[in-house]
Amino acid sequence: RFCRCGMIALRFKEVAGDLSVRDAGSIALDTIHGDFSLSSAKGSLFVKNSHGDMSLRDVDGNVTIESISDDLSMRALKGNLHVKKSYGDISIHDVSGDVVIDSAADDLALRGAGGDIRINVGEDVVVYLEPKAGGEYSIHAGDDILLVMPKNANATLTLRGDELTVDWAGIEKDDSTERVVTLGDGSAKI
């Protein structure tokens, strides 16, 4: 199914197959059993249950996903993102607001978050972050975390894990499993 909706608000109770929506207003989707793609929405998106892959681009509002069974790909969100439960991989690029992921079973790649971050992922996490003064970033992973930041980052990192490697000019190597590292003025909390 394809819908070009002219910026009106949409409500879908149950969709049996795939759904592609372009140029819509706010969208509420209770259950979709196939893949869902959304391009160019001028409002919020609420998804209760998604049983397929989800691709979201150019959403000018908040996105809330209660449960997604497969992969989520998101690019260019002008609002906050809240994913309550995900069973697939998540790829996120350019979110201007906060990113909250309560529980994700697989991998997460995140680049370009403008607000705070609170994520809990079962497997690997890769985050490209430009921490903001006063920002709070919480990253929990079942496997590896790779955090990449600019050379002039100002952050206090509280690190805990089986093995910690900090590759940063001026920071000494340490074999501990818990560590606090201050970069610059330490104004962001990670």
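The values are calculated or read from the model by the stated rules, or taken from the named source; none is laboratory data. This is a predicted model, so every value here is computed, not measured. Cβ placement follows ideal geometry from the backbone for every residue including glycine, while neighbour counts extend to all protein chains displayed. For the accessible areas, the whole protein counts, side chains as well, though only heavy atoms, and no ligand, DNA or RNA atoms are used. Shrake-Rupley method; radii C 1.70, N 1.55, O 1.52, S 1.80 Å.
Just to check your reading of the model, which residue among 95, 126, 121, 83 is of a type in the set (A, V, I, L, M, F, W, C), at pLDDT 95 or above and surrounded by fewer than 19 Cβ atoms within 10 Å (Cβ to Cβ)?
Residue meeting the stated conditions: 126.
Among what's in region 147-190 and is among the hydroxyl-bearing types (Ser, Thr, Tyr) and touching a Ser or Thr at 6+ places or on another chain (Cβ under 6 Å), pick the residue that is least open to solvent (accessible area, probe 1.4 Å).
Going through the qualifying residues, I end up with 156.
Every residue in region 1-50 that is within 18 Å of residue 79 (Cβ to Cβ), open to solvent by 60 Å² or more (accessible area, probe 1.4 Å) and modelled with pLDDT under 95, please.
Of everything in region 1-50, those that are within 18 Å of residue 79 (Cβ to Cβ), open to solvent by 60 Å² or more (accessible area, probe 1.4 Å) and modelled with pLDDT under 95 turn out to be 7, 9, 42.
Count, please, the residues in region 85-98 that happen to be in contact with a Gly (Cβ under 7 Å, 6 or more places away or on another chain) and not charged (D, E, K, R).
4
Enumerate the pairs (first residue in region 171-187 and in contact (Cβ under 8 Å) with a residue 12 or more places away in the chain and small (Gly, Ala, Ser); second residue anywhere and assigned to a loop (DSSP other than H, G, I, E, B) and surrounded by 13 or more Cβ atoms within 10 Å (Cβ to Cβ)) with beta-carbon separation below 9 Å, excluding pairs fewer than 6 apart on the same chain, so at least 6 apart or on different chains.
Taking only residues 6 or more apart or on different chains, the pairs are 176/164; 184/153; 184/154; 186/154; 187/131; 187/132; 187/135; 187/154.
Can you tell me which residue is surrounded by the most Cβ atoms within 10 Å (Cβ to Cβ) among those in region 129-146 that are charged (D, E, K, R) and under 16 Å from residue 164 (Cα atoms)?
Among them, the one singled out is 144.
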